[in-house]
Amino acid sequence: MAEHIAASTPVVADPTPFTLPETQQRVLRWTLYVGYAALTAGIFHGLAQALSYAGIDILGFFPALRSYYQGLTAHGVANAIIFTFAFSNAFLPLMVARALSRRLDERLLWASFGTLVLGNLLVIYAVVTNKASVLYTSYAPLQAHWTYYVGLVFVVISTWLALMNMLLIWRGWKRDHPGVRMPLLAHISIVSYVMWFLASLPIAVEFLFFLIPWSLGWVERTDPLLTRTLFWFTGHAIVYAWLLPAYVSWYALVPRQAGGKVISDSLTRLVFILFLLLSIPTGFHHQYTDPGIHEGLKFVHAILTFGVFFPSLITAFSVMASLEMGGRAHGGRGLLGWIPKLPWGDPSLSAQLLAMITFVFGGITGLINASFTMNQVIHNTTWVPGHFHMTVGSAVAMTFMGVAYWMVPYLTGKKLWGRKVALASNWIYTIGLLIFSRGMISAGLEGMPRRTFLVQAPYMDPDWLVGRVLTGVGGTLMFVGIALFFVVIIMTIWKGKAGEGPKDIPWSETLIEPAKNGWAMRLDRIGFWVIVAIILIVIAYGPFFLSYLPPNYVSPGFRIY
Amino acid sequence: MKVHTYERAFMTLGGMLLVLCMAALVYATVAMGIHLPGRAGEIEPGKVFTTPPFDNPGVHQTGPNQYDVVIIGQAWRFHPMEIRVPVGAELNFIATTFDVIHGFHIEGTRVNMMLIPGQISRLTYRFRKPGEYLIICHEYCGAGHHNMYGKIIVE
């Protein structure tokens, strides 16, 4: 296969130039910066938590911090929600605008940015004043101040407005291009946020109809199992909402950066449609050990979770094939000789290559989480954060950092400052992450609990020692890695050579062109696939709601933090 | 849709691998009897201390080599905090919570349940080895979460 692909590798050509007006680029830039600001707060708390597992307590150095759990809430919300969605709110609309060569709607762009900022301010108020130390999962009946829930709703609304912007220009483009297939990059970017929109509805119901009225005192009690189920209804798909923008980059941009091409247009579209269908009806695999949910339904969700692993398997092959093509175009020979020939000196590419490598382990550990008998051994142990730091904490975060290495220069028009510092950041973060996750995973297998301030716990198992030390060492390296990333970004904005930024996004051509007939054409009918997704969701969740409702309002709020 | 032969082969093998893993899970559940908690009844959280069987937490023999282990989680302790059970006996854990969500995990075993207000959690397990096992509340339950633990002595 290798020779076959290499033989047909021409140099990737530049498409017709198009740039968004500066006024729009500025909003996209600021949206990114909101995410980076959140990430700054998030990583300081991350460092404190990793060290606390190693028995070192630095929480006393944090101003206004009243407990470990307040910091953990800040860490989860800032890194997993604000950073990720701020990035996607900027990245996906930019991809669609560029793919269709159309301007975004400026009012919607500002509205999306404004709601993101407003949501952030409300959440920051609640978290900083210790009125919302409920962790990002927000499990009732632990109750937060209403500003926390309302703030998160605004953050979600900002993602809906970003989607609306993409749909709007897609509609305009279709009107002007009757009978033309929408470009791959636009398709996969839009599908990513369509999936998220659908996935975000249960959490919107949870917050708007249950937690907000309850936190305001309009209703006295709430239903802990129902709200928790609504959370995970959104909560597993949310990880795909983080991951799919990274996949957009891996599929459509990374091949170009590596010197290859997208292997197959149709297969790529199929992968994203499969994610639209299968990401959501899988939430019970986070609730395997919960009472009140029938075991048979948990099994249905287990099967669907294994199903959603399939498009990731396809991705592993397709993206690797694109990379192999690039490596051979750069003169790589033999079975594995193409790997060292990849442009590892490009910090944007190297970050994403390292992200892919760590994601292999993230994927395997995820499959173990989904395997419901094995889940009983690791549920709520540090195994779980060990796992998801190799998915959202690497595949996603590292890819977003890698993309930033071209996107910040592209949006500011300034040359990336400190290529070598950026490369060092990638490697230090990756090595730190692997050490950290190895520690969390091994201690988790020995039963070390997650989300626990072990420094003050009256119990301790000597078997956890190695894992705890590795967690502390790895977490510290991760902190150093991200700190270097910030140095690069700040210096690029401040000192980067003006006018020397990239003139276009690094998008790739395809090896196997878009289908001109046959069933693959139907992959573009996103509305139709949304209906299929809803049917699957009704099958997977319907029996639970039918047998469970009406809500069981049993719990008053507890603010014991 | 045109798919490269190698990719097709990879997809087929990958799909088969997933099916095999699923088959192993079915085997573990059906043949080995490893079950997850399911629907096991509802209860009013504020009244757990006066509702049977939770009005009498602890270990109760229900048959030859068969015991109910009744447990309540409350911020930030378990009732009872220390449990003694015989090795090899069939233990039916019956647990719930008085206030917020708690976790109930016996370290090194698959006894791992969430305690959710309003719901009763049930799980059956046999200890094969005598010894002292740590019980950990592994779900965040407020400022004193890390103080919530217990001990189970298998003899």
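The values are calculated or read from the model by the stated rules, or taken from the named source; none is laboratory data. Owing to the predicted nature of the structure, the values given are computational and were not obtained by experimental measurement. Please note: Cβ atoms are built from the backbone with ideal geometry, for glycine as well, and neighbour counts cover all protein chains shown.
Some points to look at:
- Unmet criterion (only one of (1) touching a strand residue (DSSP E or B) at 6+ places or on another chain (Cβ under 8 Å); (2) without any contact (Cβ under 8 Å) to a residue 12 or more places away in the chain) for A:Leu184: (2)
- Number of residues in region A:317-357 that are within 14 Å of chain B (Cβ to nearest Cβ) and aromatic (Phe, Trp, Tyr) equals 1.
- Hits in region B:67-80 - residues which are of a type outside the set (A, V, I, L, M), within 14 Å of another protein chain (Cβ to nearest Cβ) and either crowded, with 21+ Cβ neighbours inside 10 Å or part of a strand (DSSP E or B) (or both): B:Gly73, B:Gln74, B:Arg77, B:Phe78
Residue-wise test of (1) modelled with pLDDT of 95 or more; (2) within 14 Å of chain B (Cβ to nearest Cβ); (3) part of a helix (DSSP H, G or I).
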site: A:Leu226; (1), (2), (3): yes, yes, yes
site: A:Phe231; (1), (2), (3): yes, yes, yes
site: A:Ile238; (1), (2), (3): yes, no, yes
site: A:Trp242; (1), (2), (3): yes, no, yes
site: A:Val248; (1), (2), (3): yes, no, yes
site: A:Leu253; (1), (2), (3): yes, no, yes
site: A:Gln257; (1), (2), (3): yes, no, yes
site: A:Ile263; (1), (2), (3): no, yes, no
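- Per the conditions (1) at the interface with chain A (Cβ under 7 Å from one of its Cβ atoms); (2) polar (S, T, N, Q); (3) touching a strand residue (DSSP E or B) at 6+ places or on another chain (Cβ under 7 Å), the sole criterion not satisfied by B:Thr29 is (3).
- Residue within region B:89-111 that is small (Gly, Ala, Ser), away from chain A (no Cβ under 11 Å) and surrounded by fewer than 20 Cβ atoms within 10 Å (Cβ to Cβ) present: yes
- Odd one out for B:Cys21 among (1) in a helix (DSSP H, G or I); (2) exposed (fewer than 12 other Cβ atoms within 10 Å of the Cβ): (2)
- In region A:505-518, the residues that are surrounded by 15 or more Cβ atoms within 10 Å (Cβ to Cβ) and part of a loop (DSSP other than H, G, I, E, B): A:Ile505, A:Pro506, A:Trp507, A:Ser508, A:Glu509, A:Pro514, A:Ala515
- You will find that of B:Thr50, B:Thr62, B:Thr5, the residue that is over 26 Å from A:Leu297 (Cβ atoms) and within 14 Å of another protein chain (Cβ to nearest Cβ) is B:Thr5 and no other.
- Filtering region A:310-333 to residues that are in contact (Cβ under 8 Å) with a residue 60 or more places away in the chain and surrounded by fewer than 19 Cβ atoms within 10 Å (Cβ to Cβ) leaves only A:His330.
- Yes/no for A:Gln376 being within 14 Å of chain B (Cβ to nearest Cβ), surrounded by 21 or more Cβ atoms within 10 Å (Cβ to Cβ) and in contact (Cβ under 8 Å) with a residue 60 or more places away in the chain: yes
- Checked against the criterion of being out of contact with any strand residue (DSSP E or B) (no Cβ under 7 Å at 6 or more places or on another chain), buried (at least 21 other Cβ atoms within 10 Å of the Cβ) and under 24 Å from A:Ser555 (Cβ atoms), the candidates A:Leu100, A:Leu116, A:Leu94, A:Leu152 yield just one match: A:Leu152.
- A:Ala252 being within 30 Å of A:Leu549 (Cβ to Cβ) and either crowded, with 24+ Cβ neighbours inside 10 Å or touching a helix residue (DSSP H, G or I) at 6+ places or on another chain (Cβ under 8 Å) (or both): no
- When region A:265-299 is limited to residues that are of a type outside the set (S, T, N, Q) and not in a helix (DSSP H, G or I), the one that is surrounded by the most Cβ atoms within 10 Å (Cβ to Cβ) turns out to be A:Ile280.
- Some residue of region A:500-517 being within 11 Å of chain B (Cβ to nearest Cβ), polar (S, T, N, Q) and touching a Leu at 6+ places or on another chain (Cβ under 8 Å): no
- Scanning region A:38-56 for residues that are under 13 Å from A:Thr476 (Cα atoms) and part of a loop (DSSP other than H, G, I, E, B) yields A:Ala54, A:Ile56.
- Residues that are touching a Cys at 6+ places or on another chain (Cβ under 8 Å) and aliphatic (A, V, I, L, M) occur at least once in region A:363-380.
- Residues being farther than 30 Å from A:Pro224 by Cβ and within 11 Å of chain B (Cβ to nearest Cβ) - total across region A:523-561: 1
- Selection status of B:Phe127, in a loop (DSSP other than H, G, I, E, B), surrounded by 18 or more Cβ atoms within 10 Å (Cβ to Cβ) and more than 9 Å from chain A (Cβ to nearest Cβ): yes
- Top-ranked residue in region B:24-47 [being under 20 Å from A:Phe306 (Cβ atoms) and not β-branched (Val, Ile, Thr); ranked as surrounded by the most Cβ atoms within 10 Å (Cβ to Cβ)]: B:Leu36
- Matching residues in region A:424-467 - criterion: being assigned to a helix (DSSP H, G or I) and within 14 Å of another protein chain (Cβ to nearest Cβ): A:Met440, A:Ser442, A:Ala443, A:Gly444, A:Leu445, A:Leu454, A:Val455, A:Gln456, A:Pro462, A:Asp463, A:Trp464, A:Gly467
- Some residue of region B:81-99 being outside any strand (DSSP E or B) and among the charged types (D, E, K, R): yes
- The listed residues are B:Gly88, B:Gly150, B:Gly142, B:Gly103, and the only one of them that is of a type in the set (Gly, Ala, Ser) and more than 19 Å from A:Arg451 (Cβ to Cβ) turns out to be B:Gly88.
- Of the candidates B:Ile136, B:Ile120, B:Ile116, the single residue that is in contact (Cβ under 8 Å) with a residue 12 or more places away in the chain, facing another protein chain (nearest Cβ under 7 Å) and either aromatic (Phe, Trp, Tyr) or surrounded by fewer than 24 Cβ atoms within 10 Å (Cβ to Cβ) (or both) is B:Ile120.
- Scanning region A:388-396 for any residue that is within 14 Å of chain B (Cβ to nearest Cβ), part of a helix (DSSP H, G or I) and under 27 Å from B:Met113 (Cβ atoms) turns up nothing.
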